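Following: one structure in structure tokens, then a few remarks.
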Amino acid sequence: MLERVREAIRRYGLLDRGDRVVVAVSGGADSTALLHALIRLREELGIELVVAHLDHGIRPESADDLAFVRAEAGRLGLPFVGERVDVPALARERGFNLEEAARLARRGFLERVAREAGGAKIALGHTRTDLAETVLLHLLRGAGPRGLRGILPSSPPYVRPLILVSREEARAFCQREGIPFRDDPTNEDRRLLRNAVRLEVLPLLSRLQPRAEEALARAGGLLAEAEEALRWTADLVLAEVFRPEGLDLGLLRGLPRPVQAVALRRAAEAAGASLEERHVAAILEAVDEGRGEVHLPGGLSARVGSGVLALGSQVLPSFGDRVWELPPVGELAIPELGWAFRLARVPRPESLVPPSPHVAYLDPGRLELPLRVRAPRPGDRVRPLGMEGRKRVRDLLLEAGVPRWERVRWPLVLDGRGIAWVVGVRTSEDHRVMPGAAEVLRVEARRL
């Protein structure tokens, strides 16, 4: 077994000389075998060990587990940190199921111990058997490559030196070496899906294929490699379709559907959301239609419109009375709105039709300077160029196909008399260039 632990540490780069390692010891055979394996290898590896145990307060005898691990750490001369948390109460308080509450409490405890130990790594007793069981569980859930990779050898700050060792090997190591451990009776409860897989499904598969556990673990490792390749590919794709305002819809649509899905998952992950299949399907439907909004986990939204797909908060910003003053000539960037403006006085062009919707020609002689920029407000109206009556700005933006979430920060250029330009949509009749004007103020807007 020690050779397999050495191999895992070497192959996956789990530990470095000089590391402090917090060993999470439940008292069971796996974690106890891990502790004793690391004790025997610590001089060779050049590491220091700290033993940690969290009593979840779920079973009446769990206090005995805490006392057992504390005594074992003392017998071995190792530093020990132990605590008790009322996980059932925590689950009720936060609305979690018992397993999730226990996991969160355990992670919080171990990571705090690691920080207090000076940024130590955390060694967990997950075995090859745990990896095989996890692959099966995720397969039953219909997971993709990311889920089917199972348990990773390293997910900082966590490392799993027993990942090449079966549970039977870990237990046999303890028995052969006379190392005491405790069995958790809840591991025999077949009402829990993981226990049923462990006690019924995996043994059945092993009868059909004696090396089933090893095959499942190997498949998990290969899928982990495939997932890493997919992430690398997704990053390349995102770099290609990235625009400051979002992902370019035209380029995104040109990709094969599976590549679009991988890129979306990666982009959402970078924004802090983990997507389910239904989220990906809804976003891709919006991408096909060129507009739409999909609410995602973590308070995020995927917004499709104006030629881009943007990921952002579901809560739209409010700019209140904020106003930005433009210089008479020169450039001003407004990061809050996501736009920049360049102003220049130029000779009157032959055609007063701007070369782009994001360029406006205004008559300097009719402007009450300074020009200012702000977001739309309720009741804003403008007399569009070539029209007699006034229209609501919100109607102009709606007619122009500006998505709802863009309208709240769509820039308006104003002077002392009112709105001169709804950027990219229409200029104002009240600010049109008169026939006698020898020069014009050229205002160009661009997205940041």
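Every number here is computed from the coordinates shown, using simple stated rules; none is lab data. These figures come from a predicted structure and were not determined experimentally. Reconstructed Cβ throughout: ideal geometry from the backbone, glycine too, with neighbour counts over all protein chains shown.
Each residue, Val408 and Lys391, gets one label point 7 Å from its Cα in the Cβ direction; the gap between the two is 2.5 nm.
As a rough guide to protection, the peptides 170-176, 366-372, 138-144, 349-355 ranked by mean Cβ packing within 10 Å, highest first, stand as 170-176, 366-372, 138-144, 349-355. For the pair segment 131-194 / segment 18-66, the C-alpha centres are spaced 16 Å from each other.
The mean sequence distance of close C-alpha pairs (under 8 Å, at least 6 residues apart), as a share of the length of segment 2-222, puts its relative contact order at 25 percent.
Full extension from Arg182 to Glu336: what is 0.36 nm times the residue separation minus their Cα-Cα distance, to one decimal in nm? Write down the numbers at each step before the final one.
Values: separation 154, 0.36 × 154 = 55.44 nm, distance 5.88 nm.
Fully extending the segment from Arg182 to Glu336 adds 49.6 nm.
Hey, for a label at Glu439 modelled as a point 7 Å past Cα toward Cβ, could you say which residues of segment 304-335 have their backbone N under 13 Å away? Those under the cut-off are 328-330.
Annotation for Arg377 and Ala239: the two label points, set 7 Å from Cα along the Cα-Cβ direction, are 4.5 nm apart. Largest first and in whole Å, the equivalent-ellipsoid semi-axes of the chain read 63, 23, 20, each the square root of five times a Cα gyration tensor eigenvalue.
Note on the chain: dipole from Cβ charges, positive end direction compared against Gly13, Leu230, Val359; the farthest Cα belongs to Val359.
The magnitude of the dipole of segment 244-313, with charges of +1 and -1 set on the Cβ of Lys/Arg and Asp/Glu and taken from the Cα centre, is near 100 debye. Between Ser351 and Arg446, the C-beta separation translates, for a Förster distance of 30 Å, into a calculated FRET efficiency of about 0.90.
Subtracting the Cα-Cα distance of Glu168 and Gln209 from their residue separation scaled by 0.36 nm leaves 13.1 nm.
Taking amide H as placed 1.01 Å from N in the peptide plane, Val23 has its amide H under 5 Å from the amide H of Val50, Val51, Ala52, Ala123, each at least 5 places away in sequence or on another chain.
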